[in-house]
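Visitor: Structure below; questions to follow.
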Amino acid sequence: MSPTYFLVINGRPEGPFNLEQLKALNITPGDFVKSAGMDDYKEAREIAELRELLGFTVPAFTPQYFGSFDQRLLASALDWFFVAGFCIIPAFLISVFIKDTGSHLLIALSLLVIIPVIKFIYHIVMECSPRQATFGKQILAIKVCDMQGKRISFGRAVGRNLAKVFSAIPFFIGYLFSFFNKQQQCLHDMIAGTLVVKDRLF
């Protein structure tokens, strides 16, 4: 007997449907289904039988384990602290040996440019590295991957961090997108095709 599945449509479970009926409904990999032998609903791409029938790819991570907004915010704060410290400490040591007030002001103003540039480069290098994460993200046990859960390329890391401009303007609204989609993507993640996931699942 062909297995049957219940399918969540517009927030409500409907069915049961057999495999041919599911195929005719053109379900997507992220649609939630449940068979009689399952304890809870799963995404269609998590079920081997449906992957084979509908050509879905194997998920590289458990869908509900994405980096949360508070984890990402704290990781960002830590990264700002690390990068600022990396830049400010040498600047301070240099200024100790310079008595000219104008030079002190120039050093302070230059940090306003240097720190964001260093942080931009730092994020790119760390996110496309084997660790897939900045030091802040590593402390919070989250990392960046593509939509298949794989390490991102250098080019994608550049694109992701450039796209943060759109998340920040205006009023950081793009970061709030993470509250309104299942994969908790910010706007720059959507643009770059990236995810932030909890590292402990890999």
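Visitor: On the given criteria, is Ala163 touching a residue at least 12 places away in the same chain (Cβ under 8 Å), touching a Gly at 6+ places or on another chain (Cβ under 9 Å) and hydrophobic (A, V, I, L, M, F, W, C)? Even if it seems obvious, please write down each step before you answer.
Guide: Values: touching a residue at least 12 places away in the same chain (Cβ under 8 Å): yes; touching a Gly at 6+ places or on another chain (Cβ under 9 Å): yes; hydrophobic (A, V, I, L, M, F, W, C): yes.
It is true that Ala163 is touching a residue at least 12 places away in the same chain (Cβ under 8 Å), touching a Gly at 6+ places or on another chain (Cβ under 9 Å) and hydrophobic (A, V, I, L, M, F, W, C).
Visitor: If Ala141 meets every condition in (1) without any contact (Cβ under 8 Å) to a residue 12 or more places away in the chain; (2) at positive phi apart from one, which number is that one?
Guide: So the condition that Ala141 fails would be (1).
Visitor: Could you check segment 171-189 and list, in sequence order, the residues that are of a type in the set (A, V, I, L, M) and out of contact with any Phe, Trp or Tyr (no Cβ under 7 Å at 6 or more places or on another chain)?
Guide: Taking segment 171-189 as the starting set, the residues that turn out to be of a type in the set (A, V, I, L, M) are 173, 176, 187.
Correct list: Ile173, Leu176.
Visitor: Surrounded by 15 or more Cβ atoms within 10 Å (Cβ to Cβ), at pLDDT 85 or above and within 16 Å of Lys23 (Cβ to Cβ): does that describe Ala48? Lay out the reasoning, then the answer.
Guide: Details: surrounded by 15 or more Cβ atoms within 10 Å (Cβ to Cβ): no; at pLDDT 85 or above: yes; within 16 Å of Lys23 (Cβ to Cβ): yes.
No; evaluated as a whole, the condition is false for this residue.
Visitor: Sticking with this structure for a sec: I need the full set of residues from segment 152-182 which are surrounded by 17 or more Cβ atoms within 10 Å (Cβ to Cβ) and not in a helix (DSSP H, G or I), in order please.
Guide: Ile152, Ala163 - these are the residues of segment 152-182 that are surrounded by 17 or more Cβ atoms within 10 Å (Cβ to Cβ) and not in a helix (DSSP H, G or I).
The values are calculated or read from the model by the stated rules, or taken from the named source; none is laboratory data. Worth saying up front: this structure is predicted, and the values here are computed from it rather than measured. When we count neighbours, we look across all protein chains shown, and the Cβ atoms used for this are built from the backbone with ideal geometry, even at glycine.
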